[in-house]
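Encoded as structure tokens, the structure appears first; notes follow it.
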Amino acid sequence: MTLRAQGAADVDTVWQRYARPALWSTWAPQIRSVESEPELRAGMRGKVRPVAGPAVRFVVTAVDHEALTWTWRVQAGPFSLLLRHAVDRGGSTGAVTRLTVEGPAPVVLAYAPVARHALRRLVRP
């Protein structure tokens, strides 16, 4: 499943909100905190502490700071999701973010509304 959101925040701002895990909770309301290194890099491991439920482990599998893309694998109990993120220019102003989620269909479908809401907040100024 691929989700997309466009907003007035500039591309650099949106990328920094991704690249610094400490900022994830500022735009993803389902996240209370993140335990990780300060900036995304391939091979980085950490934990996302959600607002409700147990912590979720993750590993960042790829980061391209030039192309503004990154991928991570999240392990929640017996379920694993692969999430691919990208940031693009949104026409003359603003940014577009895309998220492709791969995993068990029921989990992906349940996560989609939460992810869609977070992506909309991500691209707000």
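Numbers at a glance
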| read-out | value |
| --- | --- |
| The lone exception for residue 42 - which of (1) farther than 19 Å from residue 96 by Cα; (2) touching a helix residue (DSSP H, G or I) at 6+ places or on another chain (Cβ under 9 Å) it fails | (2) |
| Close pairs (8 angstrom Cβ cut-off, 6 or more residues apart or separate chains): modelled with pLDDT of 95 or more and polar (S, T, N, Q) in region 15-33, surrounded by fewer than 18 Cβ atoms within 10 Å (Cβ to Cβ) and in a helix (DSSP H, G or I) anywhere | 16/23; 30/114; 33/25 |
| Which listed residue is of a type in the set (Lys, Arg), farther than 15 Å from residue 6 by Cβ and part of a loop (DSSP other than H, G, I, E, B), from 41, 124 | 41 |
| Filtered residue count, region 10-38, keeping only those that are more than 14 Å from residue 118 (Cα to Cα) and part of a loop (DSSP other than H, G, I, E, B) | 5 |
| Total residues in region 76-118, condition surrounded by 16 or more Cβ atoms within 10 Å (Cβ to Cβ), assigned to a helix (DSSP H, G or I) and either free of Cβ contacts under 8 Å to residues at least 12 places away in the same chain or of a type in the set (Asp, Glu) (or both) | 0 |
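The values are calculated or read from the model by the stated rules, or taken from the named source; none is laboratory data. The structure presented is a predicted model; accordingly, all values stated were derived computationally and were not measured. Methodologically, a virtual Cβ is constructed for each residue, glycine included, from the backbone with ideal geometry; neighbour enumeration extends over all protein chains shown.
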